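The values are calculated or read from the model by the stated rules, or taken from the named source; none is laboratory data. All figures in this text were calculated on a predicted structure; none of them were measured in a lab. Methodologically, a virtual Cβ is constructed for each residue, glycine included, from the backbone with ideal geometry; neighbour enumeration extends over all protein chains shown. The protein model used for the area step is the full one, side chains on, heavy atoms only, and it has no ligands, DNA or RNA in it. Shrake-Rupley method; radii C 1.70, N 1.55, O 1.52, S 1.80 Å.
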Amino acid sequence: MKGFISIAAWLVLPLTSPSWATESAPLAETLPIHNVVDLAIQKCDGMAATLSNVHQERAEIQRSGLIVLGELGYQVNLMQIPDFRGWTAAIRLHDRSREVDDSYVLFTRTGTSPFDAGYVITRLPDEVANAEHALQIVMQLQQKNAGTGKVSFVHTETPFGQGLEMVVGGRVGSMCFPTSHFRYAKTPQAGSIGISRFVVRGKDLIEYALVLPWPEAMPQVDAIQSAQSRMNVFQRGLQSVAK
């Protein structure tokens, strides 16, 4: 790993496994994605709640393997992330609940929450001066969202240039993953690890986020390296396209 910007002691909490740690994709699955839904409601303040409908372009997305994100200038190429073939993709564009413009493609293995992976594209407000300023805000916000958990940050490379990587011991998915307060599993069956990467492209802040199993016997260094390898693949799924 490259040099840390800030380092906090790790907490390996005894937690429940993320959904993909316990379930395998259907053997007969041949489509690039099992299902595609429009995340019509995602309420994250107070009592969390979601409501989804079948996406009107589901058949075309399953045929082409591409989720084109409206006029944002991005697409998700599902052929680049074959591990998600048996999952459900939930799409929510131009959400304003955080008082910024957020667009999400989230993934769930079960077809319902929790979400265990996602891409988030946030249009940065004008008062954010530059990429360095944006990433400073990211660190502050993520440390706040981590609550009692411990996070570490490191510079890293992404498909859109140098960004910031965050690793969190014990993080699991949630109904409002990844932009809400972090959730941590509560039972001793297995551990987990969360990894996110952030990069600024023009006026867009891009987040790639995953939670992954952390086998009990795996050393911390190996768990981080495994998560980074999975992230290296996952981040290739979000691509820029001409507007």
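Computed values, structure above
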| read-out | value |
| --- | --- |
| Number of the exception - residue 195 against (1) in contact with a Gly (Cβ under 9 Å, 6 or more places away or on another chain); (2) closer than 14 Å to residue 117 by Cβ; (3) in a strand (DSSP E or B) | (1) |
| Filter pass, residue 86 being in contact (Cβ under 8 Å) with a residue 60 or more places away in the chain, open to solvent by less than 10 Å² (accessible area, probe 1.4 Å), farther than 29 Å from residue 213 by Cα and not aromatic (Phe, Trp, Tyr) | no |
| Residue among 189, 220, 225 that alone is modelled with pLDDT of 95 or more, more than 11 Å from the chain's Cα centre (by Cα) and surrounded by fewer than 17 Cβ atoms within 10 Å (Cβ to Cβ) | 225 |
| Odd one out for residue 168 among (1) among the β-branched types (Val, Ile, Thr); (2) buried (at least 20 other Cβ atoms within 10 Å of the Cβ); (3) assigned to a loop (DSSP other than H, G, I, E, B) | (3) |
| Residue match in segment 124-137 (condition: open to solvent by 60 Å² or more (accessible area, probe 1.4 Å), aliphatic (A, V, I, L, M) and without any contact (Cβ under 8 Å) to a residue 40 or more places away in the chain) | yes |
| Strands (runs of 3 or more DSSP E) completely within segment 25-79 that count 1 or more residues being open to solvent by 80 Å² or more (accessible area, probe 1.4 Å), at pLDDT below 95 and touching a Cys at 6+ places or on another chain (Cβ under 9 Å) | 35-43 |
| Qualifying residues in segment 97-111 (those that are free of Cβ contacts under 8 Å to residues at least 40 places away in the same chain and surrounded by fewer than 23 Cβ atoms within 10 Å (Cβ to Cβ)) - the one nearest to residue 212 (Cα to Cα) | 103 |
| Condition met for residue 97 (of a type in the set (S, T, N, Q), under 15 Å from residue 179 (Cα atoms), within 17 Å of the chain's Cα centre (by Cα) and at pLDDT below 95) | no |
| Residue match in segment 140-154 (condition: among the aromatic types (Phe, Trp, Tyr) and open to solvent by 10 Å² or more (accessible area, probe 1.4 Å)) | no |
| Cβ pairs under 9 Å, 6+ apart, first in segment 146-159 and more than 29 Å from residue 240 (Cβ to Cβ) and modelled with pLDDT under 95, second open to solvent by less than 10 Å² (accessible area, probe 1.4 Å) and not in a strand (DSSP E or B) | 149/170; 150/170 |
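Rundown of residues vs (1) within 16 Å of residue 164 (Cβ to Cβ); (2) in contact (Cβ under 8 Å) with a residue 60 or more places away in the chain; (3) open to solvent by 60 Å² or more (accessible area, probe 1.4 Å), yes/no style:
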position: 200; (1), (2), (3): yes, yes, no
position: 207; (1), (2), (3): yes, yes, no
position: 214; (1), (2), (3): no, yes, no
position: 229; (1), (2), (3): no, no, yes
position: 235; (1), (2), (3): yes, yes, no
position: 243; (1), (2), (3): no, yes, yes
